[in-house]
Amino acid sequence: MRKAEIGATTALAVHSLCAAGLATGYWLSHSLYSSSLITDPAPTLRILTVCEAPVVILLFSWLRRDHDRCSFIKAVARGLIGLPIGALINAFGAIVLGAPVGLKFWPATIYWSMLLSLFTFVPAACVFGASKLDWQQILSYSKPSNIVDYMLSVPAHGAIIGAWLGAWPMPLDWERPWQEWPICVTYGAIAGHLIGMLFSPVLIFLHRRHIRTKTE
């Protein structure tokens, strides 16, 4: 089974392109459509998702686990299928944890769930497919076993933790526009995801150094 061999530099390049997709989406929403997360959360989230989705799916399909059995096109298809599945899981989790369920909130909830799916579910779907063992490894909080696992696990957990922390100001009686669902949760998820993407190459470098030391 032939696997993608990458290093910290490649991981940083991949994450930089993913961050550039988010930046492009933000620029388009602000410059061309004069919208922002605070004034127009649903349209802005839609633009962010549309810009980020092809970048994430194409890059992580290139990093697919088994190159011999899974073609690039098949990995892309897995990412496209994983996007709505991950969105449903995220939406269900958000509602269980207290997200509003009124009809006026549904567009923002759907696009937020899809963006979070791109941060958490889609990369693993492209790389692993339906491999139960790999999914158990990436979803657990145990130490990742290889480089791609670091690329998937650290930013994904960062997005989830960031979204959770971002939800804390929502029930406070500050009466600020950014406290509306899902504005601060989105900012938290994006911040946590970006921090995870910056941190994962460092862990990859330390991981490769540890392996090299053990070999010597």
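The values are calculated or read from the model by the stated rules, or taken from the named source; none is laboratory data. Just so it is clear, the model here is predicted, and its values are computed rather than measured. Note that each Cβ is placed from the backbone with ideal geometry, even for glycine, and that neighbours are counted across all protein chains shown. We work out accessible area using only protein heavy atoms, side chains counted, and drop any ligands, DNA or RNA first. Shrake-Rupley method; radii C 1.70, N 1.55, O 1.52, S 1.80 Å.
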For the stretch 27-36, does any single residue satisfy the condition of being more than 26 Å from P201 (Cα to Cα), surrounded by fewer than 21 Cβ atoms within 10 Å (Cβ to Cβ) and touching a His at 6+ places or on another chain (Cβ under 8 Å)? yes
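Consider the stretch 31-76. How many of its residues are β-branched (V, I, T), closer than 15 Å to Y111 by Cα and either touching a Leu at 6+ places or on another chain (Cβ under 8 Å) or in a helix (DSSP H, G or I) (or both)? Before you say what the answer is, go through the steps one by one.
As a first pass, look at the stretch 31-76 and keep what is β-branched (V, I, T): 38-39, 44, 47, 49-50, 55-57, 73, 76.
Now restrict to residues that are closer than 15 Å to Y111 by Cα: 38, 44, 47, 49-50.
Remaining after also requiring either touching a Leu at 6+ places or on another chain (Cβ under 8 Å) or in a helix (DSSP H, G or I) (or both): 44, 47, 49-50.
Result for the stretch 31-76: 4.
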Restricting the stretch 155-171 to residues that are of a type outside the set (A, V, I, L, M) and buried (at least 23 other Cβ atoms within 10 Å of the Cβ), the residue that is farthest from K104 (Cα to Cα): P155
Just to be sure before I move on: is S113 polar (S, T, N, Q) and modelled with pLDDT under 95 in the structure I sent? no
Hits in the stretch 35-65 (condition: without any contact (Cβ under 8 Å) to a residue 40 or more places away in the chain and within 23 Å of L80 (Cβ to Cβ)): P43, T44, I47, V50, C51, P54, V55, L58
Contacts under 7 angstrom Cβ, first residue in the stretch 92-103 being part of a helix (DSSP H, G or I), partner loosely packed, with under 14 Cβ neighbours inside 10 Å, 6 or more apart: I95/V101
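Does the stretch 137-146 contain any residue that is open to solvent by 20 Å² or more (accessible area, probe 1.4 Å), over 19 Å from M197 (Cβ atoms) and of a type in the set (K, R)? Can you show your working first?
Of the stretch 137-146, the ones open to solvent by 20 Å² or more (accessible area, probe 1.4 Å) are 137, 139-146.
Next, only the ones that are over 19 Å from M197 (Cβ atoms) stay: 137, 140, 142, 145.
Filter once more, keeping what is of a type in the set (K, R): none.
Looking through the stretch 137-146, none of the residues is open to solvent by 20 Å² or more (accessible area, probe 1.4 Å), over 19 Å from M197 (Cβ atoms) and of a type in the set (K, R).
Determine whether S153 is outside any loop (DSSP other than H, G, I, E, B), modelled with pLDDT under 90 and closer than 21 Å to G166 by Cα.
On the way: outside any loop (DSSP other than H, G, I, E, B): yes; modelled with pLDDT under 90: yes; closer than 21 Å to G166 by Cα: yes.
So S153 passes the test.
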Does the stretch 172-198 hold any residues that are at pLDDT below 90, open to solvent by 100 Å² or more (accessible area, probe 1.4 Å) and of a type outside the set (K, R), and which are they? D173, W174, E175
Here the qualifying pairs (Cβ atoms under 6 Å; residues six or more apart or on different chains; first in the stretch 9-32 and modelled with pLDDT under 90; second aliphatic (A, V, I, L, M) and surrounded by 14 or more Cβ atoms within 10 Å (Cβ to Cβ)) come out as A11/M151; A11/I204
Hey, among the residues in the stretch 37-62 that are closer than 22 Å to C126 by Cα and charged (D, E, K, R), which one's surrounded by the fewest Cβ atoms within 10 Å (Cβ to Cβ)? R46
